[in-house]
Amino acid sequence: MKNKNTYSFRKFINDLHLWLGLASGIILFIVCFTGTILVFDAEIKSFFAEDFMVEAKAEKHKLTNLTQTLKETNKVHVTGVSIPYKDNEPYTFTVKEDLKERRGTKVLVNPYTKAIHKSEKTKVDTFMFTMFKLHRWLLLDISIGRPIVGVATIIFLLLSISGIVLWFPKKLKWKNIKQGLKIKTKANWKRVNHDLHNTLGFYASIFLLIMAITGLCWSFESYRDGLGQIIGTKIFDRSAPEFSLENKTDMEAISYDAAVALANKTLNYPGELSVSFPSPKSNYYSFRKYAEENWSPSISDKVYIDTYGQLLKVELFDDKPWNQQIASLIRPLHMGDVFGTVSKIIYFLACLIATSLPVTGTIIWLNKLKKKRKRK
C-alpha cells in the first residue's frame, strides 16, 4: 500500500507553481496587462493621430528637393526617410536639431505638394509611453525596475513550464487529456474558474514561453549575450558595417534620387524603402527594404551604397544563416508582429489570458484554503 504522505515530483511542481505565482502575481498582472495593450501600440497611436491626407497626382517631387525644402523650412538636419510603396501615403523623414540626438523626430511630407506635417505628441502617445514604462520598468528607475521585471519574467517562464507539466493528467489517457482541452461552462463557478486557468493557460502557453524567452533579452545583458552564444550570433547587433571608402575627388557624388533608384534596382521588388543618408560617422547610404508580399512585415533586405554610387554590400534576409535570421526576429517574436495582424491578434489573446492567470490562480488557491479549513 502506497504512503499517501509521500512528497512526489508532481506535488513539488504544484507547490512551485503555486508559491511562485502568489509571490509574483501583482507584478505579472501589470506586465501582462500592459503587454496586452502594447501589442497594438502602433495601431492605437495611428488611430488617434491627426490625419495627413495625400492625394496621388501625376508626378512626385524629387527626394533631393523635398529634403532641401525640409532643411530650409525647419532649420534641421535630415538623417533619413521612409518611402512608402503606396502612392497615397506621405514620406516620413527623420530630422534632428542636433546630430548628437539618438532618435530624432518624425516629419511627414506630401511628395506631391511639399506640404509638411510635424507629428505632435498626443495624450494617447503619453498614455502608451506610460504603458511601455510600466511594462519594462514598473515606472521605477530603470536600474531598479528592469531587474525586477526580469526576475518576474524568469518566474513567469517557470510558471509556464510547470503549468504545462501540471496540465497533463496523472494517467495519460485521451479521456483525461480531453477534459483539459475544454471549459465546462455549465459547471459551478469554481470549476469554470479552474478550467479558465487550466485550459486557457495551456492554449496560451507556447506563446507565453516565446514572450518570456525573448523578453529576458531586454532585462539582462548577460542573458542576451548567453543566448547569443547559444545560437551563435549576436542579438540586437546595431553596429554599422565598416567600409574602406576612398575620397574620389575626380568623381561627382550622386543625388538622393539616384541612390534610391540604384537601391530599388538592386532590390527589384515592390515594398517600403527606408533610407539613412550619409553622415559624418558613416559616409554612405544605408537602405532597408520591406517586401510588400513577404511572409513577414518585419523582414527586410539591406543595401549599402557609397556617395559616388558604388554598391558596397547587399544583405538579403533569405541568404542569412538560420541563427542570424532568428536573432533579427527577436523583437517581432516578442512583440507579436512577426506575421503582421494575424500574429498580433494571437498575441493579444495570449496576453489577455496571461493577465487573467494570476487572478484565476489566486481564486483557486483561496478556494482550496477554504476547503481545508472546513475539513478541520
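Shown here for the range 229-323: trypsin sites (Lys or Arg not before Pro) in loop regions (DSSP other than H, G, I, E, B) with at most 13 other Cβ atoms within 10 Å, namely 238, 248, 281. Here the accessible area of the range 53-126 is 46 percent carbon and sulfur, with a 1.4 angstrom probe and all protein chains present. Rounded to the nearest 20, the Cβ-based charge dipole of the chain about its Cα centre (Lys and Arg +1, Asp and Glu -1) stands at 4020 debye. Between the listed residues 260, 325, 312, the Cα displaced farthest toward the positive end of the dipole of the range 250-376, a dipole computed from Cβ unit charges relative to the Cα centre, is found at 325.
Calculated accessible area for the chain comes out at 63 Å² per residue, all protein chains present (probe 1.4 Å; ligands, DNA, RNA ignored). Relative to the globular-protein estimate of 2.2 N^0.38 Å, the Cα radius of gyration of the chain stands at 1.25.
Between helix 142-167 and the chain, what is the angle of the helix's C-alpha long axis to the longest principal axis, kept within 0 to 90° and rounded to the nearest 10? The helix 142-167 is inclined about 50 degrees to the chain. Which is the longest stretch in the chain that no exposed loop site breaks, taking sites as GluC sites (Glu not before Pro) with a DSSP loop state and at most 14 other Cβ atoms within 10 Å? The longest such stretch corresponds to 121-241.
For the set 19, 137, solvent exposure ranked by accessible area (probe 1.4 Å, protein chains only) runs largest to smallest as 19, 137. Largest to smallest in accessible area, the residues 128, 251 fall in the order 251, 128 (1.4 Å probe, all protein chains included). Full extension of the chain between residue 125 and residue 185 yields a length gain of 17.7 nm, computed as 0.36 nm times the residue separation minus the alpha carbon distance. Projecting the Cα positions of 151, 124, 200 onto the charge dipole of the range 116-215 (unit charges on Cβ atoms of Lys, Arg, Asp and Glu, taken about the Cα centre) puts 200 furthest along the positive direction. Between the listed residues 183, 244, 161, the Cα displaced farthest toward the positive end of the dipole of the range 148-251, a dipole computed from Cβ unit charges relative to the Cα centre, is found at 183.
Neighbours of residue 334, meaning other residues whose beta-carbon lies under 14 angstrom from its beta-carbon, give a summed charge of +2 when Lys and Arg score +1 and Asp and Glu score -1. Taking all protein chains together and rolling a 1.4 Å probe, residue 185 ends up with roughly 110 Å² accessible. Counting only Cβ charges, +1 for Lys and Arg and -1 for Asp and Glu, the dipole size of the range 1-85 around its Cα centre is about 620 debye. Report, in degrees rounded to the nearest 10, the 0 to 90 angle that the Cα long axis of helix 189-219 makes with the longest principal axis of the chain. Rounded to the nearest ten degrees, it is 40. Ellipsoid fit via the Cα gyration tensor, the range 50-208: semi-axes of 52, 22, 14 Å, each the root of five times an eigenvalue, largest first. Heavy-atom surface analysis with a 1.4 Å probe gives the range 153-296 a carbon and sulfur content of 55 percent of its accessible area. In this structure, the amide hydrogen of residue 291, modeled 1.01 Å from its nitrogen in the peptide plane, lies closer than 5 angstrom to those of 301, counting only residues at least 5 positions away or on a different chain.
Residue 143 exposes around 90 Å² of accessible area when a 1.4 Å probe is run over every protein chain in place.
The values are calculated or read from the model by the stated rules, or taken from the named source; none is laboratory data. Only a predicted model underlies this, so the values are computations on that prediction, with no experimental measurement involved. Note: ideal-geometry Cβ built from the backbone for every residue, glycine included; neighbour counts use all protein chains shown. For the accessible areas, the whole protein counts, side chains as well, though only heavy atoms, and no ligand, DNA or RNA atoms are used. Shrake-Rupley method; radii C 1.70, N 1.55, O 1.52, S 1.80 Å.
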